[in-house]
Amino acid sequence: MTRFLLVLTTLISLSFVNASAWAHGYELGPLSIEHPWSRATPPGTPTGGGFMTIHNHGDESDYLLGGSSDFTQSISVHQTKMEDGTMKMLPLHDGLEIPAGSSVTLEPGSYHLMLMGLEAPLVEGERRRIRLQFEHAGSVDVELAVDAIGAMPEHSH
């Protein structure tokens, strides 16, 4: 029985280590960026998505303007929305507002980063570094944890 409890405790501990290895966050002035992630992409796919939650602990709004990386041609902020009966991904040319004292979540089917011109597929299990650019807070490097193709936020830990 003691050996069983030891094995069970070890397995439970390892499951927490694995989950916490994927949980990651970043700070930039009054902003905190929680668990940036992406989905794996099939070979030859030219675009990918970037997702995260951004908290603004400050007294004024800031704007996520886009970003850059060494594995994409460009990174821009988009919104998926229904327009004239068709689902479209529209660029937010003025950026995405992160209101003071509030949070905004970038997730599939909503606000997201478009990773344009991927040089190679995003592979499940890897991390890819990108630089986010904000209007007021400046820039910060974050790592996107690459999850499975088709992953949804509740599976991305």
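Amide H contacts for His136 (H built 1.01 Å from N in the peptide plane; partners 5 or more residues away or on another chain; cut-off under 5 Å): Tyr63.
A simple spin-label model places the labels of Glu27 and Ser102 2.4 nm from each other, with each point 7 Å out along Cα-to-Cβ. With the convex hull drawn over the C-alpha atoms of segment 26-150, the volume per residue is 101 Å³. Fully extending the segment from His93 to His57 would add 10.6 nm, taking 0.36 nm per residue of separation and subtracting the current Cα-Cα distance.
For segment 114-129, backbone phi angles converted through the Karplus equation (6.51, -1.76, 1.60; θ = phi - 60°) give residue-by-residue couplings of 9, 8, 9, x, 4, 7, 7, x, 7, 10, 3, x, 8, 10, 10, 7 Hz, Gly and Pro being listed as x.
Projecting label points 7 angstrom from Cα along Cα→Cβ for Glu119 and Arg131 puts them 1.4 nm apart.
Ser139 to Thr80: FRET efficiency via 1/(1 + (r/R0)^6), r the Cβ-Cβ distance, R0 22 Å, to the nearest 0.05?
That pair, Ser139 with Thr80, gives E of 0.30.
With the simple model of a label 7 Å out from the Cα in the direction of the Cβ, Ser68 to Met152 spans 3.7 nm.
Under a 5 Å amide H cut-off, with hydrogens placed 1.01 Å from N, Gln73 pairs with Met116, Gly117, Leu118 among residues at least 5 apart or on other chains.
Every number here is computed from the coordinates shown, using simple stated rules; none is lab data. Values in this document were obtained by computation on a predicted structure and should not be read as measured data. As a convention, Cβ positions derive from the backbone with ideal geometry for all residues, glycine included, and neighbour counts pool all protein chains shown.
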